[in-house]
Amino acid sequence: MQTRASQSVVSRRLLLAGGVAVTAMGLSACSGSEAPVDEQGRVRIRFATDWRAQAEQGGFYQALASGAYERRGLNVQIIQGGPGVNVPQLLASGAVELGMGSNSFIPLNLVAEGAPVKAVAAFFQKDPQVLIAHPDPALTGIADLAGRPFLLADASITAFWVWLKARYGFTDDQVRKYNFNPAPFIADERAVQQGYLTSEPYTIEKIAGFEPRVFLLADEGYPSYATMVLSPDGFARDNAEALRGFIAASAEGWRDYMRGNPAAADAQIREANPEMTQDVLDQARARLSEYGIVDAGDAALYGLGAMTPERWQAFFDVTSQAGVYPADLRWRDAFTDAFLPGRG
């Protein structure tokens, strides 16, 4: 049985964890110009998310609902992602001004393509990618999963599996095809399944009636950021004040969504995505809070949305050493912190 919750996140990861189907030539639309303004003089910004409305985007909806964007002179429209929606392509065509990047592979893939797009903020300090196992008390960490079969989607083989092999010595003969259905995992007590912290564990618990063991890769050193804001270089150059305002308002939104009353944002999310239910939103937000997804790491030191060269280099080092990227890739072109609050 494949539930809506599991299908949504797995499909998103499958679409976005791998390569980006866009060429540098196709990004000519990103060359930049001043963004249009509305009748009240507010700068219009269309922001494309990486999937349908959900708690994993809650801070952006909170900023919209609370007026944080409007107070900074912005007229923001959130464009939902979904099946077949490719955020880099939307940026390339000029259909949106800003977009969401789901993990650190996305900006580096854009650099490899020669695309003039950068990550300008990272609102998830920890990538919510997890490994899920049956409730065996002997399992205390990812290293204890040695020798077990791993149910992985194709795109994951060239994504976080690269890090797992380098870190723990796992081998490709452990990999089994993951068809976005939890039934094979539930049936095999030794199986390990990939998942997203805020989705698959909850789905498995509801279907199977047990609470699985969940291992967050980020808590064992996986250095990827997530829920990043992507900006074409041209837009950033020509609309620097508006971009700074968008990031500052989004940081305010994420702070309020995680620490305050999320009701207004949740209402907007359910309106935009009628398939979303409040119980899914509540458990997802609880998981984000419990694991420090938004406010741990660099955010604890430098504020929400923060990124550091050290984290980016750590991610590039492990992926380039595994052959995902050439050693001479200009990885620093994947990001900039110039538009974060307190910078620039």
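One table, with the values for the structure above:
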{"quantity": "Members of segment 259-277 that are assigned to a helix (DSSP H, G or I) and surrounded by 20 or more Cβ atoms within 10 Å (Cβ to Cβ)", "calculated": "Ala265, Asp266, Ile269"}
{"quantity": "Options Asp127, Asp173, Asp144: the member that is under 23 Å from Pro212 (Cα atoms) and open to solvent by 10 Å² or more (accessible area, probe 1.4 Å)", "calculated": "Asp144"}
{"quantity": "Pairs with Cβ under 7 Å, 6+ apart, first in segment 278-304 and closer than 18 Å to Asn261 by Cα and open to solvent by 50 Å² or more (accessible area, probe 1.4 Å), second outside any helix (DSSP H, G or I) and not β-branched (Val, Ile, Thr)", "calculated": "Arg285/Pro262; Asp295/Leu304"}
{"quantity": "Sole exception among (1) at pLDDT below 95; (2) part of a helix (DSSP H, G or I) for Ala138, by number", "calculated": "(2)"}
{"quantity": "Glu241 vs. criteria more than 21 Å from the chain's Cα centre (by Cα) and closer than 25 Å to Ala300 by Cα", "calculated": "yes"}
{"quantity": "Selection status of Gln62, of a type outside the set (Lys, Arg), open to solvent by 10 Å² or more (accessible area, probe 1.4 Å) and not in a loop (DSSP other than H, G, I, E, B)", "calculated": "yes"}
{"quantity": "Verdict on Ser33 being at pLDDT below 95 and either assigned to a helix (DSSP H, G or I) or under 18 Å from the mean Cα position of the chain (by Cα) (or both)", "calculated": "no"}
{"quantity": "Residue match in segment 236-255 (condition: farther than 20 Å from Gly342 by Cβ and open to solvent by less than 20 Å² (accessible area, probe 1.4 Å))", "calculated": "no"}
{"quantity": "Residue in segment 195-214 that is open to solvent by 50 Å² or more (accessible area, probe 1.4 Å), assigned to a loop (DSSP other than H, G, I, E, B) and in contact with a helix residue (DSSP H, G or I) (Cβ under 7 Å, 6 or more places away or on another chain) present", "calculated": "yes"}
{"quantity": "Selected residue (only one of Glu113, Glu56 is under 22 Å from the mean Cα position of the chain (by Cα), over 28 Å from Glu220 (Cα atoms) and not small (Gly, Ala, Ser))", "calculated": "Glu113"}
{"quantity": "Flag if Val9 is open to solvent by less than 10 Å² (accessible area, probe 1.4 Å), modelled with pLDDT under 95 and either part of a loop (DSSP other than H, G, I, E, B) or within 20 Å of Ser199 (Cα to Cα) (or both)", "calculated": "yes"}
{"quantity": "Asp233 touching a residue at least 12 places away in the same chain (Cβ under 8 Å), farther than 22 Å from Asp50 by Cβ and not aliphatic (A, V, I, L, M)", "calculated": "no"}
{"quantity": "Complete set of residues in segment 102-117 that are farther than 20 Å from Gly195 by Cβ, in contact with a strand residue (DSSP E or B) (Cβ under 7 Å, 6 or more places away or on another chain) and surrounded by 24 or more Cβ atoms within 10 Å (Cβ to Cβ)", "calculated": "Pro107, Leu110, Val117"}
{"quantity": "Selection count, segment 147-170, where residues are open to solvent by less than 40 Å² (accessible area, probe 1.4 Å) and either without any contact (Cβ under 8 Å) to a residue 24 or more places away in the chain or of a type in the set (Lys, Arg) (or both)", "calculated": "2"}
{"quantity": "Counted residues, segment 290-344 - those being more than 20 Å from Glu220 (Cβ to Cβ) and not β-branched (Val, Ile, Thr)", "calculated": "29"}
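The values are calculated or read from the model by the stated rules, or taken from the named source; none is laboratory data. Keep in mind that this is a model prediction, so the values were computed, not measured. We place every Cβ from the backbone using ideal geometry, glycine too, and count neighbours over all the protein chains shown. Heavy atoms of the whole protein, side chains included, go into the accessibility calculation; ligands, DNA and RNA do not. Shrake-Rupley method; radii C 1.70, N 1.55, O 1.52, S 1.80 Å.
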